[in-house]
1. Counting each pair of different Cα atoms once, what's the Kirkwood radius of region 40-148 in Å, rounded to one decimal?
2. Please state the relative contact order of region 1-130 as a whole percent: Cα pairs under 8 Å, 6+ residues apart?
3. For a quick protection proxy, order the peptides 104-110, 78-84, 49-55 by their average other-Cβ count within 10 Å, most packed first.
4. Go ahead and collect, in residue order, the members of region 98-117 whose backbone nitrogen is under 16 Å from a label point 7 Å along the Cα-Cβ direction of residue 181.
5. In debye, nearest 20: dipole of region 119-194 around its Cα centre with unit charges on the Cβ of K, R (+) and D, E (-)?
6. Measure nothing but the geometry: give the 0 to 90° angle between the long axis through the Cα atoms of 134-161 and the longest principal axis through the Cα atoms of the chain, rounded to 10°.
7. Compute the angle between helix 102-130 and the longest alpha-carbon principal axis of the chain, please, reported from 0 to 90 degrees and rounded to the nearest 10.
8. Report the Cα-based extents of region 37-88 along its three principal axes, largest first, to the nearest Å.
Amino acid sequence: MLGLKLPTDPRWVNIVEKSIEDILTDHAYCEQKAASSCISLIVGFSDKEELVTTLCPIVSEEWGHFRMVLAELEKRGYKLGKQRKDEYVGALLTFIKKGGDRNDQLVEKLLMNALIEARSCERFRLLSLHIEDEGLKKFYHDLMASEAGHYRTFIDLAKKYGRSEAIVMERWQEWLNFEEKLLQSWELRGDRMH
């Protein structure tokens, strides 16, 4: 359903379990950045009525997820640590095509967001199936469905504002191929959600 070219190595969950505080801290910031990204799209493309209407509830939902992850940290006696550089998003930003009109730039941002949500969904699924902590197992199962919905929303918006569905889906495949090569070149880490 998500179309990701490279599944996450199942050993990732075992690595995550050794650093629950780190992964929850990183996850919290991922939710904060997801809300901020939607706000930036709304502000930057406020003339796109459907985009604004569609993304406003996602901002609230992502911020709600941020608060939920904070509660999971607190429940375990952890504090929200400092935000670290997001190497995954940084690498994705280098793949955004420059030039084109405003709609072309919007489609690039929407596809990048779709990819981040798809990878989050895939990793939440792994955690929901394999993490030993039963509370986190349920927590990530519940979040997984939400991320899948966000992924779909970003793809649908890209199709709406793109030159054609075929062009958007061709570019989506390029994003998926880029991400596959990116992850193949990286060491598996358990202190980051992506």
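1. Computed over region 40-148, the radius equals 16.1 Å.
2. Averaging sequence separation for qualifying contacts and normalising by length gives 32 percent for region 1-130.
3. Details: 104-110: 20.4, 78-84: 12.1, 49-55: 15.6.
Peptide ranking by packing, descending: 104-110, 49-55, 78-84.
4. 98
5. Numbers: 13 positive and 14 negative charges, 56 e Å.
So the magnitude is around 280 debye.
6. 10 degrees
7. Helix 102-130 sits at roughly 20 degrees to that axis.
8. 44, 24, 14
Since every read-out is calculated from the coordinates, none of them should be taken as a lab result. Small disclaimer: the values here were computed from a predicted structure and weren't measured. Heads up, the Cβs are rebuilt from the backbone with ideal geometry, glycines too, and the neighbour counts pull from every protein chain shown.
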